[in-house]
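Below is one structure, written out as structure tokens; the observations come after it.
The values are calculated or read from the model by the stated rules, or taken from the named source; none is laboratory data. None of the values given here were measured: they were computed from a predicted structure. Cβ sites come from the backbone with ideal geometry, for glycine too, and all protein chains shown count toward neighbours.
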Amino acid sequence: MKILLVEDDPDTAAYVSKGLSESGHVVEVAKDGRDGLFLAAGESHDVVILDRMLPKMDGIAIIKTLRAAGVRTPVLFLTTLDGINDRVEGLEAGGDDYLIKPFAFAELIARVSALNRRPPIVPMQTVLKVGDLEMDLTRRTVTRAGRRIDLQPREFKLLEYLVRHAGHVVTRTMLLENIWDFHFDPRTTIVETHISRLRGKVDRDFGVELIQTVRGAGYCIRDPS
Amino acid sequence: VTLPNFLRTAAFKLALLYATIFGLSSFVLFVFLYWSITNYVFEQTRGSIGLEMSSLAEEWRTGGEKTLEKEVNERSSKADSVSSYYLLQSPAGEHVAGNLGTLPVRDGSFEQLVAPLRAGTNQPRVAVLFEGRILPDGWFLAIGRDLKDIREAYDLVLRAFVIALGASVALAILGGMLMSFGFLKRIEAINRTSETIIRGDLGQRIAVLGTHDELDRLGNNLNRMLDRIQSLMESMQQVSNDIAHDLRTPLARLRQRLERVRWPGSKLADYQREVDSAIADTDDILATFAATLRIAQIEARSRVAGFKAVCLSDLFTTIAEAYAPVAEDQGQRLVASVAAGVNIQGDADLLTQMLANIVENALRHCPSGATIDMRLSNGPHAPLGVVSDDGPGIPEDERAKVFRRFYRLERSRTTPGSGLGLSLVAAVADIHEIGLAVRDNEPGARFEMQFPLRGAPGL
């Protein structure tokens, strides 16, 4: 995947681009806002990673300009600005995701992958499949190997999110934000507990585990075969 | 205060303005009065001349020229004291009687400078108002009044008015100054207090007289602003102290760990384990740091402006659903009874975190087997939220302290937690004007949230 990283701090830029390269991505780095805007406007990248505070032009101005010009490349804000209004401001300006420095690298990789897979226009798929697991989104039913599984609404939402990102890692924070709308770090094991319940229903009686734990990163649903 | 400075003060300018307006209005009044008075005096004089003329004309009609001549001479001899002038001329234009030389013959009212005949000598010329009448057989009769008295009366009136005007303008300036000084003295007091505050004494407050006028309101508002600034500064101070105090310990621990791993002879597995621990330590430090800043930001109220309607019922249900399995895994029970359709104005993210922190606090401090009860009711006046448990509870003298930053009960020192969870709760409650109370649940702890009436906060 081709990623544009707009970051003025050379240490962070080197760290992020090395990490992304090692995960198999091609990274282009812009050192200030103007170069960043120029490169992003070319629309040749799959994802743009954007700092908020940049020399010459700040991140919010860049994204507003891009969106106004009709550039739809997914943008992830990567920033030290963690004020309670900053995230909302970044997303309202047209950002697709917001990650606060410092971050775990696994979190960045997972979010970048999730952004890239986000199709420009969401196709109205009503049945999602992973291996022998099937989710019917209109009827709100789940079956595995033809057997009906009863899920509570929140469990359904959790499974749907995993399945929509099938084959990719989703992190604990991504789940907290998207399933519970929690924009803070709870001190308890909410995600772990709910995933374990979901596993009890979806995986336990079927031999093959679809929901896998990715150590130090998060969870991933995939067909191991 | 030097003179040029004095001329620049608002007190002087205001006084001058008062005086100008007052002087102008007095002047207009004076012009009108002067005109009325002089006009009245003049008309009176003309009226009295007219009356005399009528009576002399009557003499002539009944007695002819001789009677008239006698009458004119008689009146002329008495006229010295009243400054009256008489003249009777024959049709040939010769002086027949009276205390004047000849005059041009004309009918009606006119003014003329004349030299009166007195004791046969020529007197200095004086301005006289005349009325002349040409009698039917060509005789000419004129009666006049010296204008000197009228002019003197005019001067008198004028002088009186000038003095009165001067006095009133002086009074206006003086009164204006007194008034302005009284008023501006209070503003000056505000200025002096402000300067003291600027120099660093934030404890100073502006004196309020209790008169409930604009200046009192200004003073009150300034004082409230100062209170706010002071509490913000104290809060900043508090944050710095907290950071210095509570981040130093974990940072020191991290440093020790890094130093230890640097010692020679460690195996790769040891390195990795120690680095993992160091990362975990760093994450804890960052979390504490973030929480501290977040509380400070919440206390700065930057979010109040963005308050929207938040459904408390949904919020309670979401939290209950999210945490019930967590409780169950710890051998506890979380039950909820939530009234439907309860809304307040607020920030959904912050309210969620507030409630989550209270519930997590209960989950963390209650032993296995405890029951945690979440309730949301509509209350008699406003919504009431309660999170209660039957765990160990909080000693009475500690209840108020649990909302302090980094405060932890003695027995909780060993459980994980930053001691910031409930401070954040207090901060969120404060900006939402939620009445927060900790009570004894007999047994256990009971957190009560008395929500404001819909729409109350932030307005």
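Candidates in segment B:300-346 are the residues that are away from chain A (no Cβ under 12 Å), assigned to a loop (DSSP other than H, G, I, E, B) and over 30 Å from B:I229 (Cβ atoms); of these, the one that is nearest to the chain's Cα centre (by Cα) is B:V342. A:T65 meets the stated requirement of being of a type in the set (S, T, N, Q), over 24 Å from A:V169 (Cα atoms) and more than 14 Å from every other protein chain (Cβ to nearest Cβ).
Yes/no matrix, rows are residues, columns are (1) in contact with a Leu (Cβ under 7 Å, 6 or more places away or on another chain); (2) within 27 Å of B:L100 (Cβ to Cβ); (3) of a type outside the set (D, E, K, R):
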position: B:L24; (1), (2), (3): no, no, yes
position: B:F30; (1), (2), (3): yes, no, yes
position: B:V41; (1), (2), (3): no, yes, yes
position: B:S48; (1), (2), (3): no, yes, yes
position: B:L51; (1), (2), (3): no, yes, yes
position: B:T67; (1), (2), (3): no, yes, yes
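Here the condition is being within 12 Å of chain A (Cβ to nearest Cβ), more than 22 Å from A:S196 (Cβ to Cβ), touching a strand residue (DSSP E or B) at 6+ places or on another chain (Cβ under 9 Å) and crowded, with 22+ Cβ neighbours inside 10 Å; of B:M354, B:M374, it holds for B:M354 alone. The criterion of being touching a residue at least 60 places away in the same chain (Cβ under 8 Å) and of a type in the set (S, T, Y) does not hold for B:S194. Give the residues of segment A:185-217 that are modelled with pLDDT of 90 or more and closer than 30 Å to B:M354 by Cβ, sorted by residue number. Of everything in segment A:185-217, those that are modelled with pLDDT of 90 or more and closer than 30 Å to B:M354 by Cβ turn out to be A:I190, A:V191, A:E192, A:T193, A:H194, A:I195, A:S196, A:R197, A:L198.
Here's the yes/no breakdown for (1) crowded, with 21+ Cβ neighbours inside 10 Å; (2) touching a residue at least 60 places away in the same chain (Cβ under 8 Å); (3) within 30 Å of B:A291 (Cα to Cα):
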position	(1), (2), (3)
A:D11	no, no, yes
A:V29	no, no, no
A:F38	no, no, no
A:K56	no, no, no
A:G70	no, no, no
A:V75	yes, no, yes
A:P102	no, no, yes
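Filtering segment B:204-249 down to residues that are of a type in the set (D, E, K, R), exposed (fewer than 13 other Cβ atoms within 10 Å of the Cβ) and farther than 18 Å from B:R301 by Cα, which residue is farthest from the chain's Cα centre (by Cα)? Result: B:R248.
Scanning segment B:329-348 for residues that are farther than 16 Å from A:R187 by Cα, free of Cβ contacts under 8 Å to residues at least 40 places away in the same chain and out of contact with any strand residue (DSSP E or B) (no Cβ under 6 Å at 6 or more places or on another chain) yields B:G331, B:A340, B:G341. Among the residues of segment A:131-159, just one is touching a Leu at 6+ places or on another chain (Cβ under 7 Å), more than 12 Å from chain B (Cβ to nearest Cβ) and charged (D, E, K, R), namely A:R144. For segment B:354-393, the set of residues classified as assigned to a helix (DSSP H, G or I) and over 41 Å from the mean Cα position of the chain (by Cα) consists of B:L355, B:A356, B:N357, B:I358, B:V359, B:E360, B:N361, B:A362, B:L363, B:R364, B:H365, listed by residue number. Restricting the first member to segment B:428-440 and to residues that are under 21 Å from B:I394 (Cα atoms), and the second to residues that are of a type in the set (S, T, N, Q), the beta-carbon pairs closer than 6 Å and six or more apart or on different chains are B:G435/B:Q450.
Consider segment A:180-218 and keep the residues that are part of a helix (DSSP H, G or I) and surrounded by 20 or more Cβ atoms within 10 Å (Cβ to Cβ). The one that is farthest from the other protein chains (Cβ to nearest Cβ) is A:V202. Quick one: would you say A:V88 is modelled with pLDDT under 90, under 20 Å from the mean Cα position of the chain (by Cα) and surrounded by 15 or more Cβ atoms within 10 Å (Cβ to Cβ)? Yes. Scanning segment B:280-299 turns up no residue that is within 11 Å of chain A (Cβ to nearest Cβ) and farther than 30 Å from B:A252 by Cα.
For segment B:166-225, filtering for residues that are in a loop (DSSP other than H, G, I, E, B), acidic (D, E) and under 30 Å from B:A19 (Cβ atoms) leaves 1. Let me spell it out: the conditions are (1) over 25 Å from the mean Cα position of the chain (by Cα); (2) at pLDDT 85 or above, and B:S168 meets all of them except one. Which number is the exception? The one condition B:S168 does not meet is (2).
Take B:N241 and tell me if it is more than 30 Å from B:F32 (Cα to Cα) and either touching a Lys or Arg at 6+ places or on another chain (Cβ under 7 Å) or at pLDDT 85 or above (or both). In short, no. Residues in segment A:87-112 that are within 12 Å of chain B (Cβ to nearest Cβ) and closer than 15 Å to A:I62 by Cβ: A:E89, A:E92. Suppose we keep only residues that are closer than 15 Å to A:V130 by Cα and touching a helix residue (DSSP H, G or I) at 6+ places or on another chain (Cβ under 7 Å) within segment A:145-179. Which one would you say is surrounded by the fewest Cβ atoms within 10 Å (Cβ to Cβ)? Looking at the filtered set, the residue picked out is A:A145. Here is the figure for segment A:13-27: residues that are touching a residue at least 60 places away in the same chain (Cβ under 8 Å) and assigned to a loop (DSSP other than H, G, I, E, B) total 2. Looking only at segment A:157-179, residues that are outside any helix (DSSP H, G or I) and of a type in the set (V, I, T) come to 3 in all.
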